[in-house]
Amino acid sequence: MIMNPNRRLFLRGGKPLPIRPPWAVEENDFLKRCNRCGACLAHCPQRILDSDWLGYPMVNFGKGGCTFCGACVQECSEQALVMQSGVPPWQHKAVFSEACLNGQGIPCRTCGEQCDSSAIIFQPSPGGRILPQLVAAECNGCGACQAVCPVQAVSMLA
Ligand code: SF4
Ligand code: SF4
Ligand code: SF4
């Protein structure tokens with residue numbers, strides 16, 4: 001059965017939308033254009049692309065970060081991924097949860113050390129704890145900080 005793309009969205013029933021590969025067109029257009037061929041998955045050198053529950057490609061930052069190499073875009077014959085000058089690859093950025101080890105008095109700087117953009121700084125909070133903070137303007141959403149966190153305290157949110 002072929003489903004209307006809007007119905008597919010509805011069927012997700014409140015689940016957060018998967019993060020599409022970089023430079024994906026708007027979600028409804030993406031679902032119309034992508035034919036689920038899997039070419040982007042097969043050609044990502046970082047191996048961070050998986051299929052979602054309907055077979056569409058999504059980024060799995062649990063496997064690593066995106067280098068913005070553009071290989072997935074080049075392989076997309078359906079114009080579901082379109083790199084345009086001046087258009088950022090996506091909008092999401094890193095967020096940190098209460099699970100961060102620093103909040104429990106265990107020093108950790110792993111995510112900050114992984115960030116090539118220097119977008120994570122560690123500053124004392126009012127309670128005296130030194131927690132990771134995002135310099136949002138510097139974060140490109142590459143996700144390199146997520147997989148390296150030993151307690152899964154990093155996620156990517158739009
Ligand atoms: S830009 Fe490169 S590293 Fe990022 S998802 Fe596409 S193929 Fe993978
Ligand atoms: S890697 Fe995880 S535990 Fe370590 S500072 Fe970053 S968010 Fe906290
Ligand atoms: S998503 Fe990338 S740029 Fe943003 S804080 Fe994490 S490592 Fe740095």
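Any read-out appearing in this document is the output of simple, stated calculations on the displayed coordinates, not a laboratory observation. All values derive from a computational prediction rather than experimental measurement. All Cβ positions, even for glycine, are placed from backbone atoms using ideal geometry, and neighbour counts span all protein chains on display.
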Go through the chain and flag any cysteine with no other cysteine's C-beta closer than 4.7 Å, please.
-> C34, C37, C44, C66, C69, C76, C100, C108, C115, C139, C142, C149
The orientation-averaged projected area of the Cα convex hull of segment 29-92, in nm², is 4.5
Average projected area of the Cα convex hull of segment 93-157, in nm²?
-> 3.9
Which semi-axis lengths, in whole Å and largest first, follow from the square roots of five times the eigenvalues of the Cα gyration tensor of the chain?
-> 32, 17, 13
Percent RCO, i.e. relative contact order, over the chain, from Cα pairs under 8 Å lying at least 6 residues apart | 23
